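Asks: What follows is a single structure, and I will ask about it in a moment.
Coordinate-derived values only; no laboratory data. Note that the structure is predicted; figures quoted are calculated from it, not measured. Neighbour counts are summed over all protein chains in view; Cβ atoms, including those assigned to glycine, are modelled from backbone coordinates with ideal geometry.
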Amino acid sequence: MSYYVVQGGQTLRGSVPISGAKNSVLPILAATLLNGGRNVLHNCPDLRDVRSAIQILEHLGCKVSREGDTVTVDSTVVDRWDVPHELMREMRSSVIFLGPILARCGRARLSLPGGCDIGQRPIDLHLSALRKLGAVIREQGGDILCEASDLQGRDIILSFPSVGATENTLLTATACGGVTRIINAAREPEITDLQEFLRKAGALVLGGGESAITVSGSTPRRDVEHTILPDRIEAATFLCAAAACGGEVTLTGAEPEHVGTVIQCLRDAGCTVRSAGRTITLLAPKRLGSMPTVRTMPYPGFPTDSQAPLMAAACTAQGSALFIETIFENRFRHAAELQRMGADIRISGRTALVTGRQLHGARVRSTDLRGGAALVVAALAAQGESRVEALTHIDRGYEHFAEKLIALGASIRRVDD
Ligand code: EPZ
């Protein structure tokens, strides 16, 4: 078992580079199946989830290599159309391979996806959109079998702007005849990045980042060179850590606009935040003040993925903060662990009332990816030593997490038993 040993109470100072976005690179890796050519992706973080996606591509027949942060995928040969059960269980986003495999091979076989335990996470919206585009889908022994002999574009109205369902529909639509319009599409920056990649590959896609996306069927056939956008959730996590610990931290290679709602909360709590180009500098007050109500929403609202790290910062503030989680029904599991550090958090359904106080070190366990990062933020700000266990979650989404924190002056050590 792996864990971090954290000595809390160090002020954070210095600058930290932000990696490429996990939630952007995963659908883009899946999209490399479409063009049957060479895809060169820069700024690819080396994460467990990215390694799983690469394993899926290799299983399907692609040739994949990595040099530094550049991953090259040659999808000339794709001679399988299934994703092995173990890789599906490994991460939720493996479901994003459904659309591209279907589009490339005309059929796909996947088992139901795994991933973070933050709610039920059904895939009904993905399946109903693909059915409307002409896919015949049945379930067999826990597997989803999908066949498409005649995919036809049409209007797809999503009842909720699901990120994954938007991506799967967009990817499948590239293989449809006619025009597909995705209405009430997710507007996350990662969708815009995927659209950008598809356009470079030759797809006719308009509207990424808007709530209606139009895809005119035309198989993307061009080779692509693309740079993955910066990870806004990693950036927000470092901002929360700096705010909780005090000091002054500069993020480089970040996109300020993508973390606007998080920056606003931290400003309201007394931080000074300046941005210029792709850098963001946060100067923390001696102690954070209270924050206005934080309600998670689809982009451009406050991101559910930043709720846990911001809650960890709020646990140390003077005053209180109300968190309302509207996206996932089970995304306060980190709260019980924060309470082990002395946090005052009262939960009622999807609402958590946090009253700040001095935290103390404790032995805690990551509950999911962002929950795990939140425990590290709290441990850094607590008095005394903490042990944060179950790092497999954090490894899924943060590249060189401990090393980056150490470079800012944190006392954190990884132990791999
Ligand atoms: C993506 O998950 C992200 N993952 C998540 O990040 C992120 O929390 C989430 O979007 C919301 O921003 C990746 O991009 C790989 P959704 P996704 O479909 O696509 C319900 C992280 O920590 N829903 O927008 O799975 C669903 O249950 C991860 O990096 C349906 O009901 O999210 C949820 O309540 C965790 N039916 C809501 O929609 C469906 O078919 C939002 O889910 C699909 C979704």
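Asks: Restricting to segment 264-417, compute how many DSSP beta bridges are antiparallel as a %, nearest 5.
Replies: Numbers: 15 of 22 bridges.
Antiparallel: roughly 70 percent of the beta bridges in segment 264-417.
Asks: Still on this model: Once the Cα gyration tensor of segment 279-372 is diagonalised, what are the square roots of 5 times its eigenvalues, in whole Å and ordered largest first, as equivalent ellipsoid semi-axes? Mind dumping the intermediate values first?
Replies: Values: eigenvalues 70, 62, 36 Å².
One finds semi-axes of 19, 18, 13 Å for segment 279-372.
Asks: Can you tell me the orientation of helix 48-60 relative to the chain, as the angle in degrees between its alpha-carbon axis and the longest Cα principal axis, to the nearest 10?
Replies: Helix 48-60 sits at roughly 10 degrees to that axis.
Asks: Name the long-range amide H neighbours of residue 365: under 5 Å, sequence gap of 5 or more, or other chain; modelled H, no Pro or chain starts.
Replies: 389
Asks: Separate question: For segment 22-227, count the residues as N, evaluate 2.2 N^0.38 Å, and divide the Cα radius of gyration by that value, please.
Replies: Values: Rg = 15.1 Å, N = 206, 2.2 N^0.38 = 16.7 Å.
Output field value: 0.91.
Asks: By its C-alpha gyration tensor, with a ≥ b ≥ c as the square roots of the eigenvalues, how is segment 323-405 shaped: rounded for a/c under 1.5, else prolate for a/b larger than b/c, else oblate? The partial results should precede the final answer.
Replies: Numbers: a/c = 2.11, a/b = 1.19, b/c = 1.77.
Oblate, since a/c reaches 1.5 and b/c is not below a/b.
Asks: If you don't mind, there's one more thing I want to ask. Taking Cα pairs under 8 Å and at least six residues apart, what relative contact order does the chain come out at, in percent?
Replies: Details: 1092 pairs, mean separation 86.7, N = 417.
Relative contact order of the chain: 21 percent.
Asks: Quick one: net charge of residue 308's neighbours, Cβ under 11 Å, K/R +1, D/E -1?
Replies: Numbers: positive: 331, 333, 370; negative: 305, 325, 337, 368.
Once positives and negatives cancel, what remains is -1.
Asks: Would you kindly derive the ³J(HN,Hα) couplings of segment 318-329 from the backbone phi angles with the Karplus curve 6.51 cos²θ - 1.76 cosθ + 1.60 (θ = phi - 60°), listing them in order in whole Hz, with x for Gly and Pro?
Replies: In residue order, the calculated couplings are 8, x, 10, 8, 10, 10, 10, 9, 9, 8, 10, 7 Hz.
Asks: Please work out the C-alpha center-to-center distance from segment 306-380 to segment 225-247 and express it in whole Å.
Replies: Their Cα centres are 18 Å away from one another.
Asks: Within a Cβ distance under 10 Å of residue 147, other residues only, what is the Lys/Arg minus Asp/Glu net charge? Before the final figure, lay out each step's value.
Replies: Values: positive: 107, 109, 138; negative: none.
Around residue 147, the surrounding residues sum to +3.
Asks: To continue, here is another question. Hey, can you rank 394-401, 12-19 by average C-beta count inside 10 Å, highest first? Don't skip to the answer; put the middle values down first.
Replies: Values: 394-401: 22.4, 12-19: 19.5.
Listed from highest to lowest mean packing, they are 394-401, 12-19.
Asks: Using just the helices of the chain, give the 222 nm mean residue ellipticity in deg cm²/dmol: DSSP H runs with n ≥ 4 each add -39,500 (n - 2.57), and the total is spread over all residues, rounded to 500.
Replies: About -9500 deg cm²/dmol.
Asks: Calculate how many DSSP beta bridges within segment 22-227 are antiparallel, expressed in % of all such bridges and rounded to the nearest 5. Can you show the working numbers first?
Replies: On the way: 27 of 36 bridges.
If I count the DSSP bridges inside segment 22-227, around 75 percent turn out antiparallel.
Asks: Per residue, what volume in Å³ does the convex hull of the Cα atoms of the chain enclose? It would help to have the intermediate numbers written out before the result.
Replies: Working: hull volume 50.9 nm³, N = 417.
Per residue, the Cα convex hull of the chain comes to 122 Å³.
Asks: Let me ask something else. What is the sum of charges, Lys and Arg at +1 and Asp and Glu at -1, for the other residues whose Cβ falls under 13 Å from the Cβ of residue 11?
Replies: Values: positive: 13, 286, 287; negative: 248.
Charge balance near residue 11 sits at +2.
Asks: Also, quick follow-up: Highest mean first, how do 70-76, 204-210 rank when packing is the count of other Cβ atoms within 10 Å averaged over residues?
Replies: Details: 70-76: 19.0, 204-210: 17.4.
Sorting 70-76, 204-210 by mean packing, highest first, produces 70-76, 204-210.
Asks: Using a 10 Å cut-off around each Cβ, can you sort 412, 345 from fewest to most neighbouring Cβ atoms? Intermediate results must be reported in sequence, preceding the final value.
Replies: Values: 412 22, 345 19.
In increasing order of surrounding Cβ atoms, one gets 345, 412.
Asks: In whole Å, what is the distance between the alpha-carbon centres of segment 58-109 and segment 196-217?
Replies: Each part's Cα centre sits 21 Å from the other's.
Asks: Would you order 143, 82 from fewest to most other beta-carbon atoms within 10 Å of each residue's own beta-carbon?
Replies: Values: 143 16, 82 19.
If I rank by nearby Cβ atoms, fewest first, I get 143, 82.
Asks: Now for a separate question. Taking the DSSP beta bridges in the chain as the whole, what percent of them are antiparallel, to the nearest 5?
Replies: On the way: 58 of 80 bridges.
Of the beta bridges lying entirely in the chain, close to 70 percent run antiparallel.
Asks: In addition: Number of Lys-Lys pairs in the chain under 23 Å by Cα, sequence gap 8 or more or different chains?
Replies: The result is 5.
Asks: Follow-up question, since we're still on this one. Amide H of residue 209: which non-local residues (sequence gap of 5 or more, or other chain) have their own amide H closer than 5 Å, using H built in the peptide plane?
Replies: Distant-sequence amide H within range of residue 209: 192.
Asks: Which residue, 386, 100, 277, has the largest displacement toward the positive end of the dipole of the chain when charges sit on each Cβ (Lys, Arg +1; Asp, Glu -1)?
Replies: In the chain, that residue is 386.
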